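To start, the structure itself, in C-alpha cells.
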Amino acid sequence: MMRLPVETDLSKLDACFVGVPFDLGTSNRTGTRAGPRQIRSESVMLRPYNVATRAAPFERMRVGDYGDIPINPYNLLDSIAIIEAAYDRILAADCRPVTLGGDHTIVLPILRAMHRKHGKVGLVHVDAHADVNDTMFGEKIAHGTPFRRAVEEGLLDCDRVVQIGLRGTGYSAEEYDWGRAQGFQVVQAEECWHRSLQPLMQGVKARLGDGPVYLSFDIDGLDPAYAPGTGTPEIGGLTVPQGLEIIRGLSGVNLVGGDVVEVSPPFDPFGTTALLAANLAFEILCIISESA
C-alpha cells in the first residue's frame with residue numbers, strides 16, 4: 001500500500017494497512033475478496049503528504065503494510081475467527097489498523113477485537129445501508145448484519161454511533177428505526193443533498209467526545225457515479241467531497257482504527273473505485289496520526 005514495505009513485526013509499527021480479502025458474506029455481487037489487491041495497485045501514485053490538511057502521517061508514525069489476513073475462502077465462520085485473532089495481535093502491539101476490505105462482514109470481528117482492547121467504542125459508519133438486519137437468508141453473520149450483532153454483543157457505545165448516507169429501498173418502511181431506538185444518530189442521504197457536511201461533522205464530533213472511535217467506510221456510501229465498483233450500489237449517494245468532509249471532520253477525535261470496505265474490482269473496470277478507496281484510506285491514516 002502506497003509503496004510501503006511489508007512489515008509483519010508489529011513492534012516496529014504504530015499504524016498499519018491491513019488487507020482482508022473476503023467476500024463470503026456478500027449478498028448480491030461478489031468480488032470484494034480482490035479489493036485489497038486493487039486498492040494497493042491504485043495507491044501507487046499517492047504521495048506522503050496531505051497538502052489540503054497539512055497532515056504528515058509518515059513523519060509522526062511508523063507505518064507499514066501488514067499484508068493480507070489469510071482467511072479461509074471456504075468457511076465464513078472460520079474466517080471470522082481468523083480475522084478476530086489477527087486484530088487481537090495488531091491491537092495488542094498498540095498498532096492502529098487501517099483496513100482494506102473485503103465485504104462489510106469483516107467489521108464484526110474487528111469490533112470484537114477493538115472491544116477487548118478499548119472497551120465499548122464509538123462508531124462513525126458511512127454506508128448506503130444500515131447493516132442492522134437480524135438475518136440475511138437465515139444467516140446471522142453476513143455483510144448486512146454486523147452492527148446488529150455488535151449491539152447485541154455490547155461492542156458499541158450506542159449513544160456515540162453515527163450512521164451517514166443511508167438510502168435506497170428497504171425491506172420495510174421502518175428500515176432505520178431499529179438503530180435510532182438503540183441511540184444511533186442516523187443521517188439519511190437526503191439530509192446531505194446539496195450541502196456541505198462540515199456543520200454536520202461539528203455536531204458529530206461533539207457527540208463522539210473523547211472516547212475511542214472506529215470509522216467504517218463502505219464505499220457504496222458514495223454515489224455509484226463516483227464508486228461504481230461495489231456489490232450493492234444505490235443511487236442518490238454522497239459525493240466525493242462529502243466523503244472527504246466526513247473523514248477530515250474527525251480531526252481531533254480519538255480514532256483507534258478504520259476501514260474502507262466493499263470495493264469489488266470486477267465491477268470497477270477503470271480502477272476508479274479502488275483509487276477512491278486508496279485515497280480514503282490515506283485520509284483515515286492522516287486522522288489517526290494526529291493522536292500518535
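The values are calculated or read from the model by the stated rules, or taken from the named source; none is laboratory data. Just so we're clear, the structure is a prediction, and the values are computed from it rather than from any experiment. In this analysis, Cβ positions are derived from the backbone assuming ideal geometry, glycine residues included, and neighbour counts consider all displayed protein chains. Heads up: the accessible areas ignore ligands, DNA and RNA and are worked out on the full protein's heavy atoms, side chains in. Shrake-Rupley method; radii C 1.70, N 1.55, O 1.52, S 1.80 Å.
Just the number, please: carbon plus sulfur as a percent of the accessible area of the range 1-58, 1.4 Å probe, no ligands or DNA/RNA counted.
It is 50 percent, rounded to a whole number.
I'd like to know which of G138, A93, P109 lies farthest towards the positive end of the charge dipole of the range 79-147, counting +1 on Cβ of Lys and Arg and -1 on Cβ of Asp and Glu.
A93
How large a share of the accessible area of the range 188-292, in percent, is made up of carbon and sulfur atoms when the probe is 1.4 Å and the other protein chains stay in place?
58 percent
Gaussian network model of the chain, Cα springs within a sub-10 Å range: biggest mean-square fluctuation belongs to which of H194, H125, H104?
H194
Across 5 Å bins from 0, what is the distribution of all Cα-Cα pair distances for the range 139-292, in whole percents?
P(r) over the range 139-292, rounded to whole percents: 2, 9, 17, 22, 22, 18, 9, 2, 0.
Any chance you could tell me what percent of the C-alpha pair distances in the chain go past 26 Å?
When every Cα pair of the chain is considered, 35 percent fall beyond 26 Å.
Taking a probe of 1.4 Å, how large is the accessible area per residue of the range 50-99, in Å²?
50 Å²
Would you work out the relative contact order for the range 100-206, in percent, from Cα pairs under 8 angstrom that are 6 or more residues apart?
Here the relative contact order equals 26 percent.
How big is the Kirkwood radius of the range 1-68, worked out from every pair of different alpha carbons and given in Å to one decimal?
13.5 Å
Per DSSP helix of 4 or more residues, -39500 (n - 2.57); summed, then divided by the residues of the chain. What does that give at 222 nm, rounded to the nearest 500?
Using -39500 (n - 2.57) per qualifying helix, the result is -9500 deg cm²/dmol.
Given that compact globular proteins tend to follow 2.2 N^0.38 Å, what is the ratio of the alpha-carbon Rg of the range 81-192 to that value?
1.07
By DSSP, what percent of the beta bridges with both residues in the chain are antiparallel, rounded to the nearest 5?
Roughly 5 percent of the DSSP beta bridges within the chain come out antiparallel.
When only alpha-carbon atoms are used, what values of Rg and Dmax, in angstrom, describe the range 1-158?
16.0, 48
Under a point-charge model restricted to the Cβ atoms of Lys and Arg (+1) and Asp and Glu (-1), what is the dipole moment magnitude of the range 1-95 relative to its Cα centre, in debye to the nearest 20?
Roughly 440 debye for the range 1-95.
At 1.4 Å probe size, with every protein chain present, just tell me what the per residue accessible area of the range 185-251 comes to in Å².
Value returned for the range 185-251: 39 Å² of accessible area per residue.
Considering only A181, A52, A274, give the residue with the highest GNM mean-square fluctuation for the chain, with springs between Cα atoms whenever their separation is below 10 Å.
Among A181, A52, A274, the largest mean-square fluctuation in the Gaussian network model of the chain belongs to A52.
Restricting to DSSP loop positions (anything but H, G, I, E, B) with no more than 10 other Cβ atoms inside 10 Å of their own Cβ, which trypsin sites (Lys or Arg not before Pro) remain in the range 53-110?
Listed in order of number, the matching sites are R54.
Using the per-residue mean of other Cβ atoms lying within 10 Å as a proxy for protection, in what order, highest first, do the peptides 240-248, 94-102 fall?
Highest-to-lowest ranking by the protection proxy: 94-102, 240-248.
Out of all Cα-Cα pairs in the range 141-230, roughly what percent, to the nearest whole number, are more than 17 Å apart?
Roughly 57 percent, rounded to a whole number.
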